[in-house]
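Colleague: Below you'll find the structure I mean.
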Amino acid sequence: MSESAYYGLSEGELRELGQLYRAGLAIIAVASGAAGSGKSTLAASLAIQAPRAGLGPMVLMDAARRGGLTQWWDRRRGQKPQLSSLGGASRLADTVERLHGMGAKLIIIDTGPNMDDMVEQVLAMASLVIIPCRPERNDVFAADMTSEVAQMLGTKTVFVVSSAIRGARMSDQIAVELAKHGTVAPATLFRRPEVAQAIAKGQTVLETDPEGEAAKELEKLWEYIHGRLGKIVQLNFPG
C-alpha cells in the first residue's frame with residue numbers, strides 16, 4: 001500500500017508512531033473491517049481475563065464510533081475495568097502516552113469496522129492486533145485486509161475464529177482459510193447464547209459461567225495471546 005493511500009499520517013509516520021510504544025507497554029488492538037465480528041465482546045472479555053492472569057494495570061480504550069465497548073462498560077455494575085475516554089485520532093498518541101506515564105502496562109483498544117485515520121493509528125501503535133473472524137466469506141476478506149494494513153505498519157497480527165458453529169462445514173474450514181493469510185490462534189470461540197447474554201448485562205461469560213466451555217475457550221485464547229505478547233514487548237509478564 002502506498003503512503004498516499006492512508007487517510008491521515010503517511011506510512012512512514014505511522015511506523016514511527018508505532019515504534020514509540022514497543023517497550024514497557026503492551027497494546028492490544030481488536031480490529032476487523034467486518035461489522036458484527038465480535039470485536040467489542042472480545043475486547044471486554046480480554047479486559048476481564050488479563051488482570052485475572054496477573055497482567056496490569058490495564059486500561060480499556062474505545063476507538064469505535066458506535067461505542068459498543070463503552071455501552072458494555074456503562075451497563076456494568078460493581079467493579080469496572082478502567083476505561084479511558086478518547087476524543088479523536090489527533091489525541092490518540094497523547095492519551096496513550098499519558099496512560100503509560102500513569103503506570104499502565106496493558107491497553108486494550110476496541111475499534112470500528114472502517115479503516116479510517118483512527119484505526120490506522122491504533123494498528124500502528126499496537127503491539128499485537130487480534131482479528132476476530134466469523135466463518136463467513138465476507139469476514140475472511142475483511143480480516144485479511146485488516147491484517148495486511150497492520151503488517152505493512154510493522155505490527156504482528158493473530159486471527160481468532162469467532163462465532164463458530166460446531167459441526168458446520170464453514171466453521172471447520174475457516175481456520176484453514178485464514179492460515180493462508182497469517183497466524184491463527186489455536187483457540188476457537190464458538191457461538192453460544194450465554195456469551196451475548198453476559199455482555200448484555202455488562203458482564204462477560206468469564207464471570208457469569210466461569211466453569212463453562214465459553215470461559216475455557218477465552219482462557220485458552222488469553223494464554224496464547226499472553227505468550228505472543230511476551231515475545232513482542234519487553235515486560236515482566238507473569239508466567
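The values are calculated or read from the model by the stated rules, or taken from the named source; none is laboratory data. All values derive from a computational prediction rather than experimental measurement. As a convention, Cβ positions derive from the backbone with ideal geometry for all residues, glycine included, and neighbour counts pool all protein chains shown.
Colleague: Could you list, in sequence order, all residues of the stretch 86-118 that are in contact with a helix residue (DSSP H, G or I) (Cβ under 7 Å, 6 or more places away or on another chain), hydrophobic (A, V, I, L, M, F, W, C) and modelled with pLDDT under 90?
Modeller: Within the stretch 86-118, 86, 89, 92, 93, 96, 115, 118 meet the criteria.
Each row is one residue, and each column tells you yes or no for (1) closer than 21 Å to residue 106 by Cβ; (2) modelled with pLDDT of 95 or more; (3) surrounded by 22 or more Cβ atoms within 10 Å (Cβ to Cβ).
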| residue | (1), (2), (3) |
| --- | --- |
| 128 | yes, yes, no |
| 160 | yes, yes, yes |
| 174 | no, no, yes |
| 177 | no, no, no |
| 186 | no, yes, no |
| 214 | no, yes, yes |
| 227 | yes, no, no |
| 232 | yes, no, no |
| 236 | yes, no, no |
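Colleague: Those residues that are closer than 15 Å to residue 46 by Cβ and in contact (Cβ under 8 Å) with a residue 40 or more places away in the chain, I need them from the stretch 180-205; list them, please.
Modeller: Applying the first criterion (closer than 15 Å to residue 46 by Cβ) to the stretch 180-205 yields 185, 187, 189, 195, 198-199, 203-205.
Correct list: 185, 189, 195, 199, 203, 204, 205.
Colleague: List the residue pairs whose Cβ atoms are under 7 Å apart, where the first residue sits in the stretch 74-85 and is modelled with pLDDT of 95 or more, the second is in a loop (DSSP other than H, G, I, E, B) and surrounded by fewer than 16 Cβ atoms within 10 Å (Cβ to Cβ), and the two are 6 or more positions apart or on different chains.
Modeller: 75/201
Colleague: Please tell me if residue 29 is surrounded by 21 or more Cβ atoms within 10 Å (Cβ to Cβ), at pLDDT 95 or above and assigned to a helix (DSSP H, G or I).
Modeller: no
Colleague: Now a separate question. What pairs come out if I take residues in the stretch 41-53 that are β-branched (Val, Ile, Thr) and pair them with residues that are crowded, with 24+ Cβ neighbours inside 10 Å whose C-beta lies under 6 Å away, six or more apart or interchain?
Modeller: Filtered contacts from the stretch 41-53: 48/204.
Colleague: In this structure, is residue 208 surrounded by 21 or more Cβ atoms within 10 Å (Cβ to Cβ) and either touching a residue at least 60 places away in the same chain (Cβ under 8 Å) or within 22 Å of residue 69 (Cβ to Cβ) (or both)? First the steps, then the outcome.
Modeller: Values: surrounded by 21 or more Cβ atoms within 10 Å (Cβ to Cβ): no; either touching a residue at least 60 places away in the same chain (Cβ under 8 Å) or within 22 Å of residue 69 (Cβ to Cβ) (or both): yes.
For residue 208, the condition - surrounded by 21 or more Cβ atoms within 10 Å (Cβ to Cβ) and either touching a residue at least 60 places away in the same chain (Cβ under 8 Å) or within 22 Å of residue 69 (Cβ to Cβ) (or both) - is not met.
Colleague: Given the condition surrounded by 14 or more Cβ atoms within 10 Å (Cβ to Cβ), in contact with a Phe, Trp or Tyr (Cβ under 8 Å, 6 or more places away or on another chain) and not small (Gly, Ala, Ser), answer yes or no: does some residue in the stretch 63-79 qualify?
Modeller: no
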